[in-house]
Structures are given as structure tokens and as C-alpha cells.
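Novice: Structure incoming, see below.
Please treat every number below as a calculation from the coordinates, not as lab data. What you are looking at is a predicted structure, and each value in this text was computed from that prediction instead of being measured. Cβ atoms come from the backbone with ideal geometry, glycine included; neighbour counts cover every protein chain shown.
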Amino acid sequence: MIRLTGQGRKTPPPPVWPEDRYEVVCERDEPHGNTRDRYHFPRHAVHSARELETAGLARRVRVVRLSDGVVIYDRVNGVDLPADEW
């Protein structure tokens with residue numbers, strides 16, 4: 001009998017992806033509404049936010065650290081924390 005990995009396991013295997021730690025909140029004009037995307041790495045979250053703004057796809061984009069709710073990037077309000085504070 002061949003047993004596949006994970007069969008008969010009483011607990012689920014650990015996730016293969018790391019937990020999300022940052023959220024990009026994108027405010028768009030109607031009919032598109034707002035979107036929220038989550039990232040594990042702050043560099044990717046901030047890059048995504050800046051690219052959305054550059055492409056003109058959003059009125060406002062901000063990056064929020066999920067652990068404490070601190071906004072690390074929000075061009076509209078003049079927030080752009082240095083990378084060592086992310």
C-alpha cells in the first residue's frame with residue numbers, strides 16, 4: 001500500500017506561505033470601489049502601493065502594518081516611513 005504524505009495526520013500541516021503582515025488599502029473611484037491586498041514583506045507592499053499610484057489606478061493608497069495598525073505609507077497624508085521603521 002502506498003501512503004501519500006500527510007495521510008493519517010491528526011493535525012493539518014503548517015502553512016507553506018508566511019503570514020500576512022502588511023495590508024495595502026486602495027481607494028478607487030466608483031464603480032471599482034476599495035480593495036485590500038495583503039503582503040508578508042513590507043518592501044512588496046510599499047512597491048505595490050507606489051505602482052498603483054504611478055499607474056493612476058487609485059485615488060489614495062496606504063500601507064498598514066497589521067500587528068499594530070501603524071500606517072507606513074500614505075502619500076496623501078505625507079506618510080512615508082524609512083525602511084528601517086517598517
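Novice: Here is a list: A83, A55. Which entry is surrounded by fewer than 13 Cβ atoms within 10 Å (Cβ to Cβ) and in contact (Cβ under 8 Å) with a residue 40 or more places away in the chain?
Specialist: When all the criteria are applied, what remains is A83.
Novice: Then there's this: Counting only residues that are farther than 18 Å from E53 by Cα and not charged (D, E, K, R), how many does the range 9-30 have?
Specialist: Residues flagged as farther than 18 Å from E53 by Cα and not charged (D, E, K, R) within the range 9-30 amount to 8.
Novice: Residues being surrounded by 14 or more Cβ atoms within 10 Å (Cβ to Cβ) and either farther than 14 Å from R21 by Cβ or over 13 Å from the mean Cα position of the chain (by Cα) (or both): count how many of those fall in the range 58-70.
Specialist: Residues meeting the conditions: 4.
Residue by residue, here is whether (1) part of a helix (DSSP H, G or I); (2) of a type in the set (D, E); (3) closer than 19 Å to A83 by Cβ holds:
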| position | (1), (2), (3) |
| --- | --- |
| V24 | no, no, yes |
| D29 | no, yes, no |
| D37 | no, yes, no |
| H44 | yes, no, yes |
| E51 | yes, yes, yes |
| G56 | no, no, no |
| R62 | no, no, yes |
| S67 | no, no, yes |
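Novice: Then there is this: Can you tell me which residue within the range 27-52, out of those that are basic (K, R) and touching an Asp or Glu at 6+ places or on another chain (Cβ under 8 Å), is surrounded by the fewest Cβ atoms within 10 Å (Cβ to Cβ)?
Specialist: R36
Novice: Looking at the range 13-27, I want the residues that are more than 11 Å from V61 (Cβ to Cβ) and have a partner that is assigned to a loop (DSSP other than H, G, I, E, B) and among the hydroxyl-bearing types (S, T, Y) with Cβ atoms under 9 Å, at least 6 apart or on another chain. Which pairs are those?
Specialist: Once the first residue is more than 11 Å from V61 (Cβ to Cβ) and sits in the range 13-27, its partners that are assigned to a loop (DSSP other than H, G, I, E, B) and among the hydroxyl-bearing types (S, T, Y) give P13/T5; R21/S67.
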